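Taking it in order: structure first as structure tokens, then the write-up.
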Amino acid sequence: MADPATAEVVRPQNSRGRTTSRRSSSVTRRRRTKALVYLLPALLIYIGFVIYPAVNTIQLSFLTWDGVQAPTPAGLDNYAQIFQNPELYRSVLNALLLIVFFTVIPVIVGLVMTALLIGKVRRGMTFFRTVFFLPQVLPLVAVGITWRWLYADTGIINQFFSAIGLDSITRAWLGDYDLALYALGFIGTWCMSGLCMMLFLSGAQKIDPALYEAAKIDGAGPLRQHLSVTLPGVRPEITIASVITTIAALASFDLVFVTTNGGPANQTNVPALLVYRLAFTRGEVGTASALAIALTVLVIIFVMLIRRITREAR
């Protein structure tokens, strides 16, 4: 049987414990409420401008609608057209080819430039980095107009070839049926290489110099040091650069719209441009929505694939 005196002591302690617990729970609820109040404006904006349009696009992708008359159910017909319509199918293939120019080549160029610049302090290096990064701060519309002049019949590129005796290969590059897409892709390479180089240089500067010293002691040359020390050290930056440039390749719109507008003969059509045309000029809102959803899924697949490759490499 419990001692009455002990019971009197324990009861107030339990009471104080419950009171403290209630106060703690009340403080936690007030903090959560305050946090939700602060987050509410951003949450409402996100729902209104991201979640709702995304859900609405998914809904429209299963309808046939010209934007004016009442929509009718279409089932999966809009998605089937992506693979059956040569124009839609070709636009997806063009976007995949642009990944080579927007992602693969810029990453390689960025790694080469990092190998050449890392650890070397030379006069004018800051100016050189700024110039190389300049395409990233320029509006893509300005970039597209500039390159359209450069690629023109009388542009500086054709003038250069004429000056060295290669008049036979001069042409309107963005109007050439076979080379327009490659010419467009080269603009993407020019835009993205600076971004990749800056990311890799920032990542390489975090590498412990002792690793390079250890590699030198082991007899490693500059190439081996780059492959064994620099490359593993900038792997996170490679992942970030690959994701950013892949999304830019698959979702490119303004650069294509300004330079070629999908021509010649739809040779440079890309899904984003086609979504715009289907929705706002042809009145095929359902097909445009289906293509937009397919493009989103394609971007997610590529991003997951890149992250998966990086994770396995670790």
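The values are calculated or read from the model by the stated rules, or taken from the named source; none is laboratory data. Remember, predicted model here, so these are calculated numbers, not experimental data. For neighbour counting, all protein chains shown are included, and Cβ atoms are generated from backbone atoms with ideal geometry for every residue, glycine included. Protein only, heavy atoms only, side chains kept; ligands, DNA and RNA dropped before computing areas. Shrake-Rupley method; radii C 1.70, N 1.55, O 1.52, S 1.80 Å.
Brief remarks on what is shown
- Test for Val27: is it within 23 Å of Ala249 (Cα to Cα) and loosely packed, with under 13 Cβ neighbours inside 10 Å: no
- Region 296-311, residues that are open to solvent by less than 70 Å² (accessible area, probe 1.4 Å) and without any contact (Cβ under 8 Å) to a residue 60 or more places away in the chain: Val299
- Residue within region 131-150 that is among the basic types (Lys, Arg) and farther than 18 Å from Asn269 by Cβ present: no
- Pair list, Cβ < 8 Å and 6+ apart or interchain, from region 263-289 residues that are more than 13 Å from Gly67 (Cβ to Cβ) and open to solvent by 30 Å² or more (accessible area, probe 1.4 Å) to residues that are in a loop (DSSP other than H, G, I, E, B) and charged (D, E, K, R): Pro264/Asp176
- Any hit, region 190-198, residues being in a helix (DSSP H, G or I), under 14 Å from Tyr151 (Cβ atoms) and open to solvent by 10 Å² or more (accessible area, probe 1.4 Å): yes
- In summary, Ala2 fulfils each of the numbered conditions (1) modelled with pLDDT of 85 or more; (2) open to solvent by 70 Å² or more (accessible area, probe 1.4 Å); (3) among the aliphatic types (A, V, I, L, M) with the single exception of condition (1).
- A search for C-beta distances below 8 Å between a residue of region 235-253 that is at pLDDT 90 or above and open to solvent by 10 Å² or more (accessible area, probe 1.4 Å) and any residue that is in a helix (DSSP H, G or I) and of a type in the set (Lys, Arg), counting only pairs 6+ apart in sequence or on different chains, returns Thr239/Arg307; Val243/Arg307.
- Residue ID - least open to solvent (accessible area, probe 1.4 Å), chosen from residues in region 96-145 that are modelled with pLDDT under 90 and hydroxyl-bearing (Ser, Thr, Tyr): Thr114
- Residues in region 44-76 that are out of contact with any helix residue (DSSP H, G or I) (no Cβ under 7 Å at 6 or more places or on another chain) and hydroxyl-bearing (Ser, Thr, Tyr) were compared, and the one that is nearest to Val285 (Cα to Cα) is Thr72.
- Scanning region 154-184 for residues that are part of a helix (DSSP H, G or I) and touching a residue at least 12 places away in the same chain (Cβ under 8 Å) returns Ile157, Asn158, Trp173, Leu174, Gly175, Ala180, Leu181, Tyr182, Ala183, Leu184.
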